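Enquirer: Once you've had a glance at the structure underneath, I'll fire off some questions.
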Amino acid sequence: MNSMNTIKKYIAKGLVCCGMAAALAPMFTSCKEDIDESNLYTFTGETIEDYLLNRSEKFSSFNYILSRIGYDKILAAYGTYTCFAPTNEAVDAYLDSLYNDPINVEIPHNGMTQPGLEGLTDSLCEDIALFHLLNTKVMGVDMSSSRTLNTLLGRDINTSIDPETGEMLVSRASTITSMDNELENGVLHEINCVIRRSNMLISGEMENHPDQFTLFSQALKLTGLADSLTDVKSTDFVKVGNPDFWTPKERMLGYTIFAETDQVLADHGITSIEGLKAYADSVYAHCADQGTGWYDYARNHKIEISTGTDYKNPWNTLSMFVRYHILEAKIAYDMLVRSGIGNETSKMQYVDYYETMLPYTMMKISKIQSKLLLNRWVANNSLTDQVADVGTAAMHTVLFNGIELQGVKSQISALNGYIHPVKEMVAYEKRVPQGALNERIRIDDTALFGEMMSTNLRGCTEDWVKAQNGGKGGTSSDRHNGCGYIRIPPGFFKDLAIFNGDDTRFLYFPHWGDGWSNYQGDEFNCMGNYDFAFRLPPMPDGTYELRIGYTTENERGMLQFYLGTSSDLASMKALDIPVDMRIKFSNTGATPEPRTGWCDWELFEDKGIESDGNMRNLGYMRGPLSYNFAGKVARSHPQDLRRIIAKQEFKQGEYWLRCKSVIDMKNAEFHLDYIEFCPENVYNNTRYLEDMY
């Protein structure tokens, strides 16, 4: 059956893949005691191994690779897996390409000892086999849009739909020829090519595409950045154990590069490194000038911008140009902007913000229909001329459409990152801090930490987490006993400081849908007598309200916020009075709750405008209109609050927010959902209102 027709059939029937029981695949370092025995089957049909054996004329080569590492036995027994099975012809072609590879001369024949299957080493068999297996069940309908999947190798594969043929692709080149073969222990998808994985670091992978990135690759080398983008993973963090929560054993690291192709550069008259250097001079030479410069951090610190040939100087214009293209996080195309969570309202803006390697600068990424756009600038964004609406189109003129990424099929995966080709020139121009970023900036908690993306934790499913945890974890109501939580060990995030050891248990709950009142669906939940601080994203110079979004619960506890210019406790100063997150009340109708001022805004003719002002006087705001909780918008949910924790001038640079429990409550919870930086010209605008979204 045509793969696209299969997808359409599933969507038409409204079928979804949910509640899959999943046991941890017994890796070479795993123990049999980790297996969830509730997931054992009495087999009445084919297993994945049976499927391969019964079609040996088609899959004997792949099954040979599995057998070399003992996975034929694993796929004949318990568990829930997804297998992408390449045909014999696909395996033969792949092995020929490995043995006769003219590019990788450092490792002769890519480690093969002779042509063909017998020339594979055990380590190569392990890499190939595990790169084609998942420890959860992923059906075609789950891949009907771009999807990043984590394999048993710990490396990503990406799915997409070929716009020309409608066929499902895996990592750009492998086509699924037979989809959704459901078996006793999972599902198998037949593919016509072995899924290729790059073992090159990101700069080497870029150099491996001379038809696209000759100039950008040369700039990476000249600036010395090619030699610095080498991080892959680390185990340098505090190890913790917990019988209920899964804890990552490795911290994956990596990078994302938004790169102009040689063709894009040529379209701008740039055909040499000298031409690219001249372009960088034109953008950055005067960005820090007193009075007229827009790069506030460089101007405030009187940094001398170099237009010379000292390219490894981080303040050389060519180095600045390249650095603004790089994020210190490994992010696939479909995860750059989180969408499709299931709790969004119709007018929600799909946008995420990330810090770049150009010191203390941010990049905005918007999703408009199916396109991803960098630094899109819309006039009066976050403001409205209509109560309880986003406002008329006339006030939201698009002043800069944004720089479009070429798309999911064009992304290039490296061992430690992704390269995303762009269609226009990317730069930290004046219109970025003064235009695209001059709006209410709402950042989901997970986007604060690059390791969340690099380790594939952001947006992972509960089933995936339970699979890592040997099947442990309960239902959504079992929130303190697993429930798909991930415990983040101290030292796992470089931008998170924990001050009191095991008394602070930092947890991530990757929930999807509207079962919890969370922006983008997920949340961090810090338990114990917590005391921690996290680094805030850097904003352009200005006066801002710093807000934090959360929901109230009886067990939340009470905390004091502090703000500092580093993670050093000596730099921290208390902000206002402690915040009691236990304030919990049912719908109070038109009568304001005395501590927060919350009341049902839908009962008033002014749609809550006056009561919004009363809440702000008490330091609170309602939740936004942009997402739902159990079918009700967050603004109408009495437990969904925003706390204004600071209203002050911020300089572009380093700030840390400390959160310290002020009551002795062993299992107190701090709920971190999102933060907001709202500039004064939005929250105190003399013409328009800040929109309720």
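The values are calculated or read from the model by the stated rules, or taken from the named source; none is laboratory data. Keep in mind it's a predicted model, so treat the numbers as computed, not measured. Don't worry about glycine lacking a Cβ; one is built from the backbone with ideal geometry, like all the others, and counts go over all protein chains shown. Note: areas computed on protein heavy atoms with side chains; ligands, DNA, RNA excluded. Shrake-Rupley method; radii C 1.70, N 1.55, O 1.52, S 1.80 Å.
Enquirer: Going by what's in this entry, would Ile548 be described as closer than 23 Å to Val662 by Cα and at pLDDT 95 or above?
Expert: It is true that Ile548 is closer than 23 Å to Val662 by Cα and at pLDDT 95 or above.
Enquirer: Something else: State which residue pairs qualify: first residue among the charged types (D, E, K, R) and open to solvent by 40 Å² or more (accessible area, probe 1.4 Å) and inside the range 360-379, second residue in a strand (DSSP E or B) and modelled with pLDDT of 95 or more in any location, beta carbons under 7 Å apart, and separation of 6 or more residues or different chains.
Expert: Lys371/Glu404
Enquirer: Among the candidates Arg556, Arg547, Arg505, which residue alone is of a type in the set (D, E, K, R), within 24 Å of the chain's Cα centre (by Cα) and over 23 Å from Lys466 (Cβ atoms)?
Expert: Selected residue: Arg547, the only one of Arg556, Arg547, Arg505 that is of a type in the set (D, E, K, R), within 24 Å of the chain's Cα centre (by Cα) and over 23 Å from Lys466 (Cβ atoms).
Enquirer: Which pairs turn up if I take residues in the range 662-683 that are more than 30 Å from Gly528 (Cβ to Cβ) and look for partners that are not in a strand (DSSP E or B) with beta carbon separation below 7 Å, at least 6 apart in sequence or on another chain?
Expert: What qualifies is Cys678/Arg440; Pro679/Asn438; Val682/Ser382; Val682/Glu439; Val682/Arg440.
Enquirer: Is it true that Asn181 is at pLDDT below 95 and either surrounded by fewer than 21 Cβ atoms within 10 Å (Cβ to Cβ) or not aliphatic (A, V, I, L, M) (or both)?
Expert: Answer is no for this residue.
Enquirer: Please work out if Arg658 is surrounded by 16 or more Cβ atoms within 10 Å (Cβ to Cβ), in contact with a Gly (Cβ under 8 Å, 6 or more places away or on another chain) and assigned to a strand (DSSP E or B).
Expert: yes
Enquirer: Next question. Could you go through the range 398-421 and let me know if any residue there is hydrophobic (A, V, I, L, M, F, W, C) and in contact with a His (Cβ under 6 Å, 6 or more places away or on another chain).
Expert: yes
Enquirer: For the subset of the range 38-59 comprising residues that are surrounded by fewer than 15 Cβ atoms within 10 Å (Cβ to Cβ) and either outside any loop (DSSP other than H, G, I, E, B) or of a type in the set (S, T, N, Q) (or both), which member is modelled with the lowest pLDDT?
Expert: Per the stated criteria, the residue is Ser38.
Enquirer: Identify, please: which residue in the range 626-664 is farther than 30 Å from Ser346 by Cα and of a type in the set (A, V, I, L, M, F, W, C) and is, among those, modelled with the lowest pLDDT?
Expert: Only one residue fits best here, namely Ile663.
Enquirer: In the range 75-113, how many residues are open to solvent by 10 Å² or more (accessible area, probe 1.4 Å), β-branched (Val, Ile, Thr) and modelled with pLDDT under 95?
Expert: Here the count works out to 4.
Conditions (1) part of a strand (DSSP E or B); (2) within 25 Å of His637 (Cβ to Cβ); (3) in contact with a strand residue (DSSP E or B) (Cβ under 7 Å, 6 or more places away or on another chain), marked per residue:
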residue	(1), (2), (3)
Lys494	no, no, no
Ala497	yes, no, yes
Tyr508	yes, yes, yes
Gly515	no, yes, no
Asn518	no, yes, no
Cys526	yes, yes, yes
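Enquirer: Scan the range 244-295 for residues that are more than 17 Å from Tyr428 (Cα to Cα) and of a type in the set (D, E, K, R) and jot them down.
Expert: Asp244, Lys249, Glu250, Arg251, Asp262, Asp267, Glu274 - these are the residues of the range 244-295 that are more than 17 Å from Tyr428 (Cα to Cα) and of a type in the set (D, E, K, R).
Enquirer: Next question, about the same structure. For the range 607-640: of the residues being aliphatic (A, V, I, L, M) and part of a loop (DSSP other than H, G, I, E, B), which is farthest from Ile341 (Cα to Cα)?
Expert: Filtering the range 607-640 for residues that are aliphatic (A, V, I, L, M) and part of a loop (DSSP other than H, G, I, E, B), the one farthest from Ile341 (Cα to Cα) comes out as Leu618.
Enquirer: Considering only residues that are without any contact (Cβ under 8 Å) to a residue 12 or more places away in the chain and surrounded by 14 or more Cβ atoms within 10 Å (Cβ to Cβ), which ones fall in the range 592-631?
Expert: Passing the criteria: only Asp612.
Enquirer: Shifting gears a bit: Which condition breaks for Cys460 when tested against (1) in a loop (DSSP other than H, G, I, E, B); (2) over 30 Å from Tyr688 (Cβ atoms); (3) at pLDDT 95 or above; (4) among the hydrophobic types (A, V, I, L, M, F, W, C)?
Expert: (3)
Enquirer: When the range 208-252 is examined, which residues are found to be among the hydroxyl-bearing types (Ser, Thr, Tyr) and more than 25 Å from the chain's Cα centre (by Cα)?
Expert: Thr214, Ser217, Thr223
Enquirer: Across the range 326-358, what is the total count of residues that are closer than 19 Å to Ile368 by Cα and in contact (Cβ under 8 Å) with a residue 12 or more places away in the chain?
Expert: 23
Enquirer: Further question: So if I check each of Val432, Val426, Val422, Val408, which one is open to solvent by 10 Å² or more (accessible area, probe 1.4 Å) and either under 14 Å from Ile326 (Cα atoms) or of a type in the set (A, V, I, L, M) (or both)?
Expert: After ruling out the rest, the residue left standing is Val408.
Enquirer: Now a separate question. When residues of the range 329-345 are filtered for being surrounded by fewer than 20 Cβ atoms within 10 Å (Cβ to Cβ) and acidic (Asp, Glu), how many remain?
Expert: The qualifying residues number 1.
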